[in-house]
Amino acid sequence: MDFECSTPRNLDEALEALKAEGAQVLAGGTDLVNSIKINAAKPRHLVYILGIAELDFVTVEGKSLSIGAGARLGDIEHNHGVVSRFPALCEAIDVIGGTQIRNMATLAGNICNASPGADTPPILLALNAEVEICGAGGAAGVQYSRLPLGGFFSGPKKTVLKQGQLVFKLILPLPPEHSGAAFRRLARVSLDIAKINCAAYIEREGDRIRLARIALGSVAPTPVRAPAVENALEGRKYGERLFDRAAGLVAEDIAPIDDVRSTAAYRGQIASLLVREALLEAWKRAGGQK
Amino acid sequence: MNLSITLNVNGKDYSLEVKPNEILLNVLRDRLELMGTKYGCGIGECGACTVLLEGRAILSCQTLAFTVDGKRITTIEGLEQDGDLHPLQQAFIDEGAVQCGYCTPGMILSAKALLDAKPDPSNQEIKQAIRGNLCRCTGYTNIVRAIKTASVTIKNRGRMKR
């Protein structure tokens, strides 16, 4: 497979290079290089973005955490600001591949690859992440736009990114006091892709659930939120029976299928159990009493 | 279109012309004749092709050579110093952590990255660090023990120097 490549040193050069026909972004390459090897991807031109210093950052600014498109998973999971504020994100990153993969792969790449079973989207959705996209804006310079992560996925392995656009960063609001998040997944062995994964985020007010965000992967064409579960929880007083009942409603939010890793029936049955576990852990981390 | 790149491999500088689709593993093996780095699964699951890039473990079979232009790479050939094996290499021999040997270079490099960052790892941290390296014959017990032994050797040597 032949292709051209470019190694831009800054964002302007990268966006210029991405205008070429058949141009595609190369970051860590842990998905794309495999796809090229098996002829599943046939890029004409690879634009390598990990040489761009202005994309390589993990910073807390004001009330949010910003993760640049160049930040590797390994850098993110060991970043002090992330470890202390977003333990559930670190847990989701930690199950991805081995150390080598996490030293290479980026969080933005995991999102852009848009696998329905990817491990970071559920927790990012639960944490209300936004994506900042950039593109060449002609005389106006680089154009930036933001959207909620939920609106970024448009189908299996598909996103709303247009030719010439690039994810600039992901933005996560810092979780307030009395909040907690958790991640759960099932896979055959530890390096496997998940049969199913899910994440929960809860904001607690006394013994009530003020706000809940639940998201799952590998149960629909894209990673999905679980509004039926969320609605059943919000404003209610904590109780294990409430969590049982709310988790059971997840069937309304998902549409699992049979594939090489699992069956629709198994995924449907196990989803409510995983959601329940994630909810209980998130509640505990939010300081809630049993 | 060929690209000119430079690599520092095991302390030695190389200038090379590479094609955009050339994989680092092939450059190391076929062009620099460093055969220690192994081709295993080719899809990033087995870790046999592990090398250190700026001291961190990466998969050379998943890395396009042009993306590591100007970087420092360590392969298994770079661990021995003046004919003396690295403590990890010696410990793998002493603890019987090598059988067919195919996973060994990658396993040792993953272990080196771990010990460089964390000189006194727990067994759990060792297991976590080599999760991306598959062994299909020796088994992991002796490998984990070898890494532990090497960490002690390195620590004792540091003491002797002081």
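The values are calculated or read from the model by the stated rules, or taken from the named source; none is laboratory data. Since the structure is predicted, the reported quantities are computational estimates derived from the model, not experimental observations. Virtual Cβ from ideal backbone geometry, glycine too; neighbours counted across all protein chains shown.
Things worth noting here:
- Region A:85-98, subset touching a residue at least 60 places away in the same chain (Cβ under 8 Å) and of a type in the set (A, V, I, L, M, F, W, C), residue surrounded by the most Cβ atoms within 10 Å (Cβ to Cβ): A:A92
- Qualifying residue in region A:140-159 (condition: free of Cβ contacts under 8 Å to residues at least 12 places away in the same chain and in contact with a Gly (Cβ under 6 Å, 6 or more places away or on another chain)): yes
- Residue match in region A:232-249 (condition: under 21 Å from the mean Cα position of the chain (by Cα), among the aliphatic types (A, V, I, L, M) and surrounded by 16 or more Cβ atoms within 10 Å (Cβ to Cβ)): no
- Options B:L34, B:L24, B:L28; residue that is assigned by TED's automatic domain parsing to the domain that holds B:A65, within 18 Å of A:D31 (Cβ to Cβ), crowded, with 16+ Cβ neighbours inside 10 Å and out of contact with any Lys or Arg (no Cβ under 9 Å at 6 or more places or on another chain): B:L24
- Qualifying residue in region A:152-166 (condition: of a type outside the set (D, E), closer than 23 Å to A:E13 by Cα and part of a helix (DSSP H, G or I)): no
- The selection criterion, being under 27 Å from A:I257 (Cβ atoms) and not polar (S, T, N, Q), holds for A:A194.
- Residue in region A:1-27 that is nearest to A:C134 (Cα to Cα), counting only those that are at the interface with another protein chain (Cβ under 9 Å from one of its Cβ atoms) and either touching a residue at least 40 places away in the same chain (Cβ under 8 Å) or among the basic types (K, R) (or both): A:T7
- The condition (being under 27 Å from A:G51 (Cβ atoms), in contact (Cβ under 8 Å) with a residue 24 or more places away in the chain and in the same structural domain as B:R136 (by TED's automatic domain parsing)) is satisfied by just one residue among B:G11, B:G70, B:G47, B:G106: B:G106.
- Residue check for A:V189: over 21 Å from A:R72 (Cα atoms), β-branched (V, I, T), in contact with a Leu (Cβ under 7 Å, 6 or more places away or on another chain) and surrounded by fewer than 22 Cβ atoms within 10 Å (Cβ to Cβ): no
- Residues of region B:126-142 classified as under 13 Å from the mean Cα position of the chain (by Cα) and either farther than 17 Å from B:R56 by Cα or in a loop (DSSP other than H, G, I, E, B) (or both), total: 3
Here's the yes/no breakdown for (1) at pLDDT 95 or above; (2) surrounded by fewer than 24 Cβ atoms within 10 Å (Cβ to Cβ):
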| position | (1), (2) |
| --- | --- |
| A:T59 | yes, yes |
| A:G62 | no, yes |
| A:V83 | yes, yes |
| A:Q100 | yes, no |
| A:T120 | yes, no |
| A:N128 | yes, yes |
| A:V131 | yes, no |
| A:G137 | no, yes |
| A:V142 | no, yes |
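- Candidate set: region A:190-217, residues that are assigned to a loop (DSSP other than H, G, I, E, B) and of a type outside the set (G, A, S); chosen: the one modelled with the highest pLDDT: A:D207
- Output for region A:28-55, where each listed residue is in contact with a Cys (Cβ under 8 Å, 6 or more places away or on another chain), buried (at least 20 other Cβ atoms within 10 Å of the Cβ) and more than 8 Å from chain B (Cβ to nearest Cβ): A:V47
- Among the residues making up region A:263-290, a single one is more than 16 Å from A:E230 (Cβ to Cβ) and surrounded by 22 or more Cβ atoms within 10 Å (Cβ to Cβ): A:R267.
- If the condition is being touching a strand residue (DSSP E or B) at 6+ places or on another chain (Cβ under 6 Å) and modelled with pLDDT of 95 or more, then region B:38-52 contributes B:C49, B:T50, B:V51, B:L52.
- Test: residue in region A:72-90 that is more than 10 Å from chain B (Cβ to nearest Cβ) and among the aromatic types (F, W, Y): yes
- Flag if A:G74 is more than 22 Å from A:P8 (Cβ to Cβ) and at pLDDT below 95: no
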